[in-house]
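> Next up is a structure, given as structure tokens.
The values are calculated or read from the model by the stated rules, or taken from the named source; none is laboratory data. Quick caveat: nothing in here was measured; it's all calculated off a predicted structure. Here the Cβ is made from the backbone with ideal geometry for all residues, glycine too, and neighbour counts use every protein chain on show. Protein only, heavy atoms only, side chains kept; ligands, DNA and RNA dropped before computing areas. Shrake-Rupley method; radii C 1.70, N 1.55, O 1.52, S 1.80 Å.
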Amino acid sequence: RLNAGLSVQELQTKLRSLGENLSSWDRNTFGHVKGEIKRLNRELEVLRSVPGRLQPSHLDIKVTDRLVELYQREEILEK
């Protein structure tokens, strides 16, 4: 037994559970950010390829603002 009153087996079980929870959090939080960044970049590419486009549309600006927010979130998550 360890000082905290847990057996080695109990500690291993808790650590395994923690690892699974962290992996799930990473997939759902960080993976979601990366996926949304990819999707928005594709959307922005389509918006910018419109023939006769003279300036950014309101949608261009909204997508760009969201991308900036997601890049900041991604940077925080990587730290």
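> Checking the conditions here, which among GLU74, GLU69, GLU45, GLU10 is open to solvent by 100 Å² or more (accessible area, probe 1.4 Å) and assigned to a helix (DSSP H, G or I)? First the steps, then the outcome.
On the way: GLU74 fails: open to solvent by 100 Å² or more (accessible area, probe 1.4 Å); GLU69 fails: open to solvent by 100 Å² or more (accessible area, probe 1.4 Å); GLU10 fails: open to solvent by 100 Å² or more (accessible area, probe 1.4 Å).
The match here is GLU45.
> Taking into account only those residues within segment 48-66 that are assigned to a helix (DSSP H, G or I) and open to solvent by less than 60 Å² (accessible area, probe 1.4 Å), which is nearest to LYS79 (Cα to Cα)? It would help to see each step written out before you state the result.
Within segment 48-66, the subset assigned to a helix (DSSP H, G or I) is 48, 58-66.
Narrowing the set further to residues that are open to solvent by less than 60 Å² (accessible area, probe 1.4 Å) leaves 60, 63-64.
Values: ASP60: 29, VAL63: 25, THR64: 23 Å.
Restricting to residues being assigned to a helix (DSSP H, G or I) and open to solvent by less than 60 Å² (accessible area, probe 1.4 Å), the top hit is THR64.
> Of all residues in segment 12-58, which are hydroxyl-bearing (Ser, Thr, Tyr) and in contact (Cβ under 8 Å) with a residue 40 or more places away in the chain? Step through it out loud before you land on a result.
Pass one, segment 12-58, residues hydroxyl-bearing (Ser, Thr, Tyr): 13, 17, 23-24, 29, 49, 57.
Within segment 12-58, THR29 is the sole residue that qualifies.
> While we're looking at this one, here's another question. When you scan segment 18-27, do you find a residue that is surrounded by 10 or more Cβ atoms within 10 Å (Cβ to Cβ), in contact with a Leu (Cβ under 8 Å, 6 or more places away or on another chain) and part of a helix (DSSP H, G or I), even just one? Spell out the reasoning first.
Going residue by residue through segment 18-27, those that are surrounded by 10 or more Cβ atoms within 10 Å (Cβ to Cβ) are 18-27.
Add one more test, that the residue is in contact with a Leu (Cβ under 8 Å, 6 or more places away or on another chain), and what stays is none.
No: segment 18-27 contains no residue that is surrounded by 10 or more Cβ atoms within 10 Å (Cβ to Cβ), in contact with a Leu (Cβ under 8 Å, 6 or more places away or on another chain) and part of a helix (DSSP H, G or I).
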